[in-house]
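See below for the structure under consideration.
Bear in mind that the values in this text are calculations on the coordinates, not laboratory data. All values reported here derive from a predicted model rather than from experimental measurement. Reconstructed Cβ throughout: ideal geometry from the backbone, glycine too, with neighbour counts over all protein chains shown.
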Amino acid sequence: MNLARSRFTENFGRVNSLCFDRWIFDSGMLFLSDRKWWGDQGLRSRWHNGLDLQRYASDGDAVKDLEHGMKVPMMFDGSVVRRIKDFLGETFFAVHEIFDGDSQLFTIFGHLQPADCFHEGVSLSEGDVFAAVCGTSKAGVPAHIHLSAALIPREIRVESLTWKIVDNDARIRFIDPLDIV
């Protein structure tokens with residue numbers, strides 16, 4: 001499946017009034033990495049099914065970290081159809097009118113808190129703010145956005161989506177988010 005690149009990065013800079021240049025990644029932040037990028041940088045319990053956005057270059061190549069409260073925009077037109085607790089905050093499942101056979105594109109954003117104006121199920125446009133970055137965890141994991149992109153068969157009920165289901169259901173196909181961010 002060939003997905004068009006979103007304007008997520010551009011929109012992230014715009015909604016947070018940043019002079020944003022580019023994302024900066026350590027190897028453990030990337031899709032399919034088997035290592036952590038925080039703490040002891042040891043092995044993950046399973047491969048990384050997404051991309052962790054935590055550090056960026058600003059104007060003049062100044063390197064900055066994401067901060068608690070930074071606004072998070074929608075990747076594509078769609079709606080947030082489910083949210084669940086995760087170890088840093090909440091995970092948001094957004095569905096988009098993009099299909100591959102009987103599967104539909106979901107972007108899954110982890111470690112966030114809902115924006116003040118957030119309402120589950122409401123249609124949102126690409127770039128609309130729906131959430132904000134949570135702070136650093138008690139375990140020392142820095143504030144960041146976990147972003148996964150997956151093609152989920154329409155037969156899987158939205159209400160059943162959890163990280164356990166997403167990680168273990170062989171019918172769900174992950175896409176490298178770096179290709180669309």
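Net length available on complete extension from residue 18 to residue 67 is 16.4 nm, with 0.36 nm assigned per residue and the Cα-Cα distance removed.
The order of the peptides 141-153, 95-107 by mean Cβ neighbours within 10 Å, most packed first, is 141-153, 95-107. Spatial offset of region 110-181 relative to region 46-100 amounts to 7 Å, using the alpha carbon center of each.
Using the reciprocal of the averaged 1/r over all distinct C-alpha pairs, how large is the Kirkwood radius of region 1-60 in Å? The Cα-based Kirkwood calculation yields 13.2 Å.
Peptides 27-33, 17-23 ranked from most to least packed give 27-33, 17-23, packing being the mean of other C-beta atoms within 10 angstrom over each peptide's residues.
Semi-axes of the equivalent ellipsoid for region 41-170, computed as √(5λ) from the eigenvalues of its C-alpha gyration tensor and ordered from largest down, come to 24, 18, 14 Å.
For region 1-109, the Cα gyration tensor yields ellipsoid semi-axes of 23, 20, 14 Å (square root of five times each eigenvalue, largest first, whole Å). Ranking 60, 9, 20 by Cα position along the charge dipole of region 5-70, where only Lys, Arg, Asp and Glu carry charges on their C-beta atoms, puts 9 farthest toward the positive end. Its Cα gyration tensor gives region 104-167 an equivalent ellipsoid, and the semi-axes of that ellipsoid, as √(5λ) in whole Å with the largest first, are 22, 18, 10.
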